[in-house]
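Okay, structure first, notes after.
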Amino acid sequence: MNAAVDMKSVVKVFGNIRALDGLNFTVDTGEIFGLIGPNGAGKTTALRIISTLLLPTSGTVRIFDLDVFRQAAEVRKIISYLPEEAGPYPNLSGHEYLEFMARFTVKGRDEAHKTVNEAAEICGLGGRLKDKAKTYSKGMKRRLLVARALMTKPRLAVLDEPTSGLDVLHSYHVREIIKRYATEHGVTIVLSSHNMLEVEHLCQRVALLNKGKIVAEGKSQELKEKFGSTNLEEVFAKVVGFA
Amino acid sequence: MLKGFGTLLVKELKELIRDPKILLGFIVVPLIMFPVLGYVMNLSMQTAQESASKAVLLVVNHDSENNSTQFIAFLNLAVNATPITVSTVDEALLQMSNYSASGIVEIPTNFSQSVIARIPVTVKFYTVFSGSGLLEGISSSIVNQMVENYNRNLAPNILVPAQSTIVKGKIIEGIDPRVLSSLVISQAIALPITMLILLTYSMQIAATSVAMEKEEKTLETLLTLPMDRFAILAGKLSGSIIVAGIGALAYMFGFNYYMGSFTSAIPTGASADLVSLGLVPSLFGYLLLGVSLFVTLLSALALAVILSAFAQDVRSAQSLVSYVFPFVFVPSIALMYLDINVLPFWLKVVLYAIPFSQPIMASKAVTAGDYVTAGLGIVYVAAFTLVIMYAASRLFATEKILTVKLRFKGLRKRQTTPSE
């Protein structure tokens, strides 16, 4: 089976900043894969390249065997991207926002209606979906956006810091959504987080990113055993030489 | 003294003054814009005064006595009053172009007798009216002042000026040029002011709209959807165009009504066809003016979209767009006062080159029945708009829409890391 994501020797340079420095990793189909690392490690840049927003300076990136550069339009049909700290349109209601987004990926009114209903169920916002998005709390907005990213059952969902800035309950809700969707619908998920404990519980495999390079990769348990640590934070500290 | 006030004030000043957007937008731009505006105004005032002092008034003198000769000499203190040997005003009208005259004075046969007897006598003044700018009324004002001064030397209200207007070689009897002047002034002020408001307002709306998409990261989401990227730009522009189009239509209706309120002040007995006299635009003229306004709005919106692509948030986008405002303000305000035809060549070129001055010039052109100038202006702005839209579409087609931003250090455009 082809890998869902296959990144080979990816370099991304912005001016004199080398954001990614020879990044290599693969994500299997149906897997929840976590990119973790501190701020500035290159997580968002990597996810933006996977999502066809940025082009690699060098190296190759294939999504289900499609090249992100040459077949970007095809890649966009099978992925869904959730940017970090993104918001909905403040003057559209949650329902209108979901409807608007569904029209780009779903054909036919009935199918769009089903998709929006699916999203309504995922986010659990109930009657509040009729209200304008600007009246939502941060947690409600994030739940709406995660639902938007998953409602079309993309082959690959790219989620940048899906629980960033959320309280414990909202984070829990979002994590449950992600887990359920990956299991029930076979959606491959690549997500980033600087919360290593969260990723440890959510992802089947993780890659630790530092200064644009992967410094360790594998299952959480394997990494902890390999580095004799109790959690991924300790693993990361040991890998980068802090501990 | 409030505790901590001084520390906060110093911090605020540092924050504000060190922000290049504020420094440029609020300090440097006005420092350049207003002196430029002042220079243009000064130039236009000088031009108007010079042309007024050189104004030739043809004198049709039906009185052969001394007092009329003295009156002509008195007029010559301020203008170039030139007696000609014709018997009617209509004949004098035909001679006007030979003398480059801006008006005619008709002195009646009983002028001297009336002045000696201190009996009021009517002197007819016919003033050419071309409707070119706010300062056009200077020459007729000078004549009025001269009559007042003459009366002051004799007795009050001895000379009674009867004002008529010459428009495009035709005399409109009994219409005071001041009534027409107020019509032209209303035109000369209303359009530039409306343009100024419409352009600045709609540019801010378009820039805010794009910047909001960037700030809320909705643009990032849109760019990963299976859709043509040009559709994003086209959708954004179309939305702004529809709003701006409604604005332009509202303006045209409002402006028409506004003009109607001024033209209603003109006596109906005069039965002047204001359209054929070139004082208000024809229906076709209004249509051309509407098109000119629309393409200019479109160009401004496209420019605002491009500029806001360089900003990371709404505030920066609004600051960036405000740098274009001098190009809206200067021609708008300058053309209120200026007759563009009397300006030096280089200044004409500059004003014609600024796309945002086109609707104002189109307004003057269509009023004068010069549809070619208005049409050429529309073509020029449309070409400018196409170039800007092409640049915008290129920007949206690449990752630059997310990564590009304006660096003020050395004013270099740089790509920087947009994220971690």
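Miscellaneous remarks
- Residue A:19 being among the small types (Gly, Ala, Ser), crowded, with 24+ Cβ neighbours inside 10 Å, touching a strand residue (DSSP E or B) at 6+ places or on another chain (Cβ under 9 Å) and part of a strand (DSSP E or B): yes
- Selection status of residue A:130, out of contact with any Cys (no Cβ under 7 Å at 6 or more places or on another chain), in contact (Cβ under 8 Å) with a residue 40 or more places away in the chain and farther than 28 Å from residue A:239 by Cα: no
- Helices (runs of 4 or more DSSP H) lying entirely in the stretch B:325-411 (those with 1 or more residues that are surrounded by fewer than 16 Cβ atoms within 10 Å (Cβ to Cβ)): B:345-353, B:371-397, B:400-403
- Check on residue B:237, more than 25 Å from residue A:103 (Cα to Cα), at pLDDT below 80 and assigned by TED's automatic domain parsing to the domain that holds residue B:291: no
- So residue A:38, is it touching a residue at least 40 places away in the same chain (Cβ under 8 Å), touching a strand residue (DSSP E or B) at 6+ places or on another chain (Cβ under 8 Å), under 14 Å from residue B:399 (Cβ atoms) and not aliphatic (A, V, I, L, M): no
- Hits in the stretch A:85-101 - residues which are surrounded by fewer than 21 Cβ atoms within 10 Å (Cβ to Cβ) and either touching a Cys at 6+ places or on another chain (Cβ under 7 Å) or in a helix (DSSP H, G or I) (or both): A:95, A:96, A:99, A:100
- Among (1) in contact with a Gly (Cβ under 8 Å, 6 or more places away or on another chain); (2) of a type outside the set (Lys, Arg); (3) touching a residue at least 24 places away in the same chain (Cβ under 8 Å), the one test that residue B:237 misses: (1)
- Scanning the stretch A:65-84 for residues that are outside any helix (DSSP H, G or I) and either among the aromatic types (Phe, Trp, Tyr) or facing chain B (nearest Cβ under 9 Å) (or both) returns A:69, A:79, A:80, A:81, A:82, A:83, A:84.
- For the stretch B:299-310, the criterion of a residue being part of a loop (DSSP other than H, G, I, E, B), assigned by TED's automatic domain parsing to the domain that holds residue B:254, modelled with pLDDT under 85 and farther than 30 Å from residue B:401 by Cα is satisfied by no position.
To keep it simple, each residue is scored yes or no on (1) buried (at least 22 other Cβ atoms within 10 Å of the Cβ); (2) under 22 Å from the mean Cα position of the chain (by Cα); (3) at pLDDT below 75; (4) outside the structural domain of residue B:318 (by TED's automatic domain parsing).
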{"site": "B:189", "(1), (2), (3), (4)": "no, yes, yes, no"}
{"site": "B:196", "(1), (2), (3), (4)": "no, yes, no, no"}
{"site": "B:200", "(1), (2), (3), (4)": "no, yes, no, no"}
{"site": "B:203", "(1), (2), (3), (4)": "yes, yes, no, no"}
{"site": "B:206", "(1), (2), (3), (4)": "yes, no, no, no"}
{"site": "B:209", "(1), (2), (3), (4)": "no, no, no, no"}
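- Subset of the stretch A:45-64 that is buried (at least 24 other Cβ atoms within 10 Å of the Cβ) and not in a loop (DSSP other than H, G, I, E, B) - its residue that is farthest from the other protein chains (Cβ to nearest Cβ): A:63
- Scope the stretch A:195-243; condition part of a helix (DSSP H, G or I) and among the hydrophobic types (A, V, I, L, M, F, W, C); matching residues: A:196, A:197, A:199, A:202, A:223, A:227, A:232, A:235, A:236, A:237, A:239
- Checking B:382, B:368 one by one, the residue that is farther than 28 Å from residue B:312 by Cβ and modelled with pLDDT of 85 or more is B:382 and no other.
- Hey, residue A:41 under 16 Å from residue A:17 (Cα atoms), out of contact with any helix residue (DSSP H, G or I) (no Cβ under 9 Å at 6 or more places or on another chain), more than 7 Å from chain B (Cβ to nearest Cβ) and surrounded by 19 or more Cβ atoms within 10 Å (Cβ to Cβ) or not: no
- Top-ranked residue in the stretch A:156-194 [being assigned to a loop (DSSP other than H, G, I, E, B) and free of Cβ contacts under 8 Å to residues at least 60 places away in the same chain; ranked as surrounded by the fewest Cβ atoms within 10 Å (Cβ to Cβ)]: A:167
- Of residues in the stretch A:16-38 being closer than 19 Å to residue A:203 by Cα and among the charged types (D, E, K, R), the one farthest from the other protein chains (Cβ to nearest Cβ): A:28
- Test: residue in the stretch A:4-14 that is out of contact with any helix residue (DSSP H, G or I) (no Cβ under 8 Å at 6 or more places or on another chain), part of a loop (DSSP other than H, G, I, E, B) and surrounded by 15 or more Cβ atoms within 10 Å (Cβ to Cβ): yes
- As for the stretch A:108-115, it holds at least one residue that is without any contact (Cβ under 8 Å) to a residue 24 or more places away in the chain and not in a helix (DSSP H, G or I).
- Evaluation of residue A:131 against the conditions (1) buried (at least 21 other Cβ atoms within 10 Å of the Cβ); (2) acidic (Asp, Glu); (3) more than 11 Å from chain B (Cβ to nearest Cβ) shows that the sole unmet condition is (1).
- Of all residues making up the stretch B:91-128, the number that are under 35 Å from the mean Cα position of the chain (by Cα) and without any contact (Cβ under 8 Å) to a residue 24 or more places away in the chain: 3
The values are calculated or read from the model by the stated rules, or taken from the named source; none is laboratory data. These numbers come from a predicted model, not from an experiment. Quick reminder, even Gly has a Cβ in these numbers, built from the backbone with ideal geometry, and neighbours come from all protein chains shown.
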